[in-house]
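The values are calculated or read from the model by the stated rules, or taken from the named source; none is laboratory data. Model, not experiment: these values are computed from the prediction. Every residue, glycine as well, gets a Cβ built from its backbone with ideal geometry; the counts of neighbours run over all protein chains shown.
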Amino acid sequence: MQFINPKIDYAFKKIFGSGQSHDILISFLNAMLYDGDDKIRIEILDPYLAPRLRGVKDTYVDVKATISNDEGEDTSVIIEMQVLNVEGFEKRILYNAAKAYSNQLNIGEDYTILEPVIALTITDFAMFPELN
């Protein structure tokens, strides 16, 4: 039996970000964020991070979801899979996380309603080799 390689962009999105993959994504996030404890409920969202202003860069992430824990707190999660170590990749991660965070507020809303954002990045290379 052959399995699809999850490092392939389409496969990764299909395995973790499709409507049929709730259970797989929940299991994965519980393992990554909560040491395997079954703590979350999830809603998979459109991975398009639309700009609110004309001229701001359009961006897509591989998987975007909202998780709710046992205490009823919501957290946005954006997940990226990257095989090639391209220049500026770490800046792209930060940009997408900041965009996901800032897109939560509309005009006149208070900063206190901002919910956490987790940027989970899976790479096929040592992203910060100086930390090894």
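Overview of results
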item	result
Strands (runs of 3 or more DSSP E) completely within the stretch 14-113 that count 3 or more residues being closer than 28 Å to ALA126 by Cα	63-68, 74-82
Within the stretch 80-106, considering residues that are under 18 Å from LYS13 (Cβ atoms) and of a type in the set (D, E, K, R), the one farthest from the chain's Cα centre (by Cα)	ARG92
Residue ID - modelled with the lowest pLDDT, chosen from residues in the stretch 67-85 that are buried (at least 16 other Cβ atoms within 10 Å of the Cβ) and under 14 Å from LEU33 (Cα atoms)	ILE67
Of all residues in the stretch 42-59 being surrounded by 14 or more Cβ atoms within 10 Å (Cβ to Cβ) and in contact with an Asp or Glu (Cβ under 9 Å, 6 or more places away or on another chain), the one that is modelled with the highest pLDDT	PRO47
Boolean, ALA119 is among the aliphatic types (A, V, I, L, M) and buried (at least 17 other Cβ atoms within 10 Å of the Cβ)	yes
Single residue of the stretch 92-132 satisfying the filter (free of Cβ contacts under 8 Å to residues at least 12 places away in the same chain and acidic (Asp, Glu)) that is nearest to GLN82 (Cα to Cα)	GLU130
